[in-house]
Amino acid sequence: MNRKIGFILVFVLLLFLAACEEKILEPTVYIPDNADHAMLFRREVYTDGYNFTIGYNNGLIRPTIVRLSWGIHPSGLDSNYLATKLYRDGTLIKTINSREVFEFTDVNLTQDRYYTYTIAQLVNTGMNVYDTLTVKTPSIAAPTLELSVPSSSVVKLFWIDRSDISGAFVVTRNNIELNTFVTFIDGVYSYADTQVYPNNNYTYHVYKDGDFDQTAVVQQSVYVQSTLTTPVLQSVTQEFDGVRIQWTDLSTAEDQIKIYRKLYGDPDTAYSVVGSILLPNQTEFLDRTFHYTGQRYTYAVSAVNRYLSPPVETPKSNDVSITYGQIESSIFDFEDNDLTPFVMNGNVPWTLVNGGSSKGWTASSGNLNNYHTGNSEMNYFHNIPFEATTTIEFDIKSIHQTAIIVLSSMRINL
């Protein structure tokens, strides 16, 4: 009888230990005494401490794959080692029951996203020691593409790289790859295709081909007809951080827009360039240069064809004037100590909705800053311009992954 009772007690003890194993392994609930013997990620093959270009270039960090690599701590491996466990963002993804394995490939990830990995070592005393590594998968977003026709036999392509991978750009015309000589000036890539004919349609594709991956492909079509016509200035409006100028583009040949400003009433010779856009097809610009409150300014724009030698610029457009005024603003501080932070690092995007649009308000957005993971405190700060005294009701919502979380509903009398 005593022997049966002994077997039963041993069996119950084993079940209890098995049920407790996962809790013991959670890095967030256990701070080990023997942390010197943790498995250590090989950080030097992923990052230089500033970005993850090293990991992108050696293929360890790819848009949907991260190849994890680690080693034994210099103090050596614990003699009572049992297993290695890998976590991604706090979720167990792999258990390795061998002290000879030092690599694992994590798959089915999302491009352009941060992931935090934890490697935990289980020993037969129940101790759990761990190391963490945060990486960002590279963006493979398609470049932005704009086209101009600076002459009847040339199509010029302009694009901005939005990816993180290294590689060479590929340009095709009507699905035929071109031998491209790409230039790069002020963050903009460009290529001049001189093998086109007037009054013909062409379709271009551009993408970056890297050593391990390629970006998405962008497509644009163009009809070869070259015109350089003065833009029509449509509006000049004051915003919270400057003056926005908007115009209608009437040209196909321009590859630059110049924005001019002068004091109201001054002669046209007083115009000075306050901004320039080195892209075709742009129709607005935000002038953030200094403005005096109460001063009236006059704006005009022009289109430039820099491909020709010398460059050709249209006459200045019609002008529009504006008096720069003091924008009133109210700063709303919202704090809720009952909320638990749902990110471990970085800013949380939030959006102001139900902002009283019938009263002339517009939706705003910003970033959540100054949160504290220790005491579950979050602070929200955002300046919102308004033009009249009114009462508004709105919600502050945060979008975290696929969930929309209502952080607060507020009613404020102004």
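Quick notes
- Among Phe158, Phe104, the ranking by other beta carbons within 10 Å of each residue's beta carbon, starting with the fewest, stands as Phe104, Phe158.
- For segment 39-137: relative contact order, % (alpha-carbon pairs under 8 angstrom, 6 or more apart): 33 percent
- Residue ranges 235-242, 264-271 sort as 235-242, 264-271 when ordered by packing (mean number of other C-beta atoms within 10 Å per residue, highest first).
- Residue pairs, from the table Lys136/Lys208; Lys156/Lys258; Lys94/Lys208; Lys156/Lys262; Lys94/Lys136, whose Cα atoms sit over 22 Å apart: Lys94/Lys208; Lys156/Lys262
- Applying the criteria of a DSSP loop state and at most 14 other Cβ atoms within 10 Å to the chymotrypsin sites (Phe, Trp or Tyr not before Pro) of segment 162-196 yields Phe181.
- Working note: Karplus 6.51/-1.76/1.60 with θ = phi - 60° gives segment 281-295 the couplings 6, 8, 10, 7, 8, 9, 7, 9, 5, 5, 10, 7, 5, x, 7 Hz, where Gly and Pro are set to x.
- Exposure proxy order (Cβ contacts within 10 Å, fewest to most) of Asp89, Asp287, Asp106, Asp255: Asp89, Asp106, Asp287, Asp255
- Taken over segment 108-181, the alpha-carbon convex hull comes to 139 cubic angstrom per residue.
- Calculated FRET value between Leu278 and Leu92, using beta carbons and R₀ = 51 Å, to 0.05: 0.55
Only the coordinates and a few stated rules stand behind these numbers; no lab work does. The structure presented is a predicted model; accordingly, all values stated were derived computationally and were not measured. Reconstructed Cβ throughout: ideal geometry from the backbone, glycine too, with neighbour counts over all protein chains shown.
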